[in-house]
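Reviewing the structure listed below.
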Amino acid sequence: MILRPYRSVLYIPGGRERALDKARSMAVDSIIFDLEDAVVGDEKAAARATLVQQLAQGGYGNRSQIIRINGLDTPWAVEDIAAIASVQPEAVLLPKVADAAMIADLRAEMAKHTGFEATQIWAMMETPRGILNALEIADAPGMGGLVIGTNDLAKDLNTRYDPARGPMMPALGMCLLAAKAAGIVILDGVYNAFKDEEGLQNEASQGRDMGFDGKTLIHPAQVAIANRVFAPSPAEIELAQRQIQAFEEATAQGLGVAVVDGRIVENLHVETAQATLAKAAVIAELEMQT
């Protein structure tokens, strides 16, 4: 069971010192420090150096630190890996993963640096081939999470925009199944209209209902909504407590099921209720430390 919360996962450009500093005080669960799309070619080296310097200074608290490197087929990836090995992030995020062989290639490159081979690898799922190979990618040794790249995927699929994300549903579903089968984290894609709070609320709620662990974000203004949507609500916490209590009372009476609000409660429902309370407790502790 994944206890660390990943409700809000904010992309931060790796070369922007002001943004990197501001991120230290944000109420965000996780940060993706981006050396790929957020940095143009002739600024890659400077951005890499800035990021390593800032991470070495620390101050990011309990926030999960993930670094998105450049693709292995680019001239920057090897230097990215060598540079960030010194700061040992929680995970290295590889863009445009097409198959498990790419994960193995990254692991081999990371293994050249002492202690870095134990760091998790996360995969951007943003190409048709990657989606079709989602399970083998999720099952690859060292994997810790999948991140949906909806913008790149929409481009490759040539889909039209749909607020309900109908054209995306097959891809989202395949990645969800793969991540759940492998027992790793899965994060929903970004919502581009960062000033559209209602739209973000709707899409984040859809993702939460589907089973995503959290949502990737492009702007700090989106953090509060993601944190709220992907956390257990007071009603969910209260129901979980009543389900556990009712089942314990039923078990004491020699019964295998209980009834709460006219619905059967079995052991599987109790496991879900316990997970809900555990997640709520972790979030509460994290927020006290922020």
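What follows draws every value from the coordinates through simple rules; no lab data is involved. What you are looking at is a predicted structure, and each value in this text was computed from that prediction instead of being measured. Cβ atoms come from the backbone with ideal geometry, glycine included; neighbour counts cover every protein chain shown.
For the chain, the number of Lys pairs with C-alpha atoms closer than 24 Å, counting only pairs eight or more positions apart or on separate chains, is 15. With a Förster radius of 22 Å applied to the C-beta separation of Thr74 and Glu117, the computed FRET efficiency comes to 0.55.
Length available on full extension from Gln53 to Glu136: 0.36 nm per residue minus the Cα-Cα distance, which gives 26.4 nm. The calculated 222 nm mean residue ellipticity attributable to helices in the chain amounts to -14000 deg cm²/dmol, summing -39500 (n - 2.57) over DSSP H runs of n ≥ 4 and dividing by all residues. Subtracting the Cα-Cα distance of Leu157 and Ala281 from 0.36 nm times their residue separation leaves 40.6 nm of extension gain. Between Glu197 and Glu43, what's the calculated FRET efficiency when r is the beta-carbon distance and R0 is 45 Å? Round to 0.05. The calculated FRET efficiency here is 0.90. Fully extending the segment from Ala108 to Ala181 would add 23.8 nm, taking 0.36 nm per residue of separation and subtracting the current Cα-Cα distance. Put in line by how crowded their Cβ is, counting other Cβ atoms within 10 Å and starting with the fewest, Ser64, Ser8, Ser30 read Ser64, Ser30, Ser8. Cα centroid separation, the stretch 141-214 to the stretch 1-43: 18 Å. Cβ-to-Cβ counts within 10 Å put Arg242, Arg7, Arg16, Arg129 in ascending order as Arg129, Arg242, Arg16, Arg7, the fewest first. When both bridge partners sit in the chain, DSSP labels roughly 10% of those beta bridges antiparallel. Exposure proxy shown here: for Val87, Val28, Val147, Val78, the number of other Cβ atoms within 10 Å sets the order, fewest to most, as Val78, Val87, Val28, Val147.
Between the C-alpha center of the stretch 72-116 and that of the stretch 237-261 there is a gap of 48 Å. Projected label points at Ala82 and Asp99, each 7 Å from Cα along the beta carbon direction, are separated by 2.9 nanometres. For the stretch 12-27, putting each phi into the Karplus relation 6.51 cos²θ - 1.76 cosθ + 1.60 with θ = phi - 60° gives couplings of 10, x, x, x, 9, 4, 5, 5, 5, 6, 4, 4, 5, 10, 7, 7 Hz, in residue order, rounded to whole numbers and with x for Gly and Pro.
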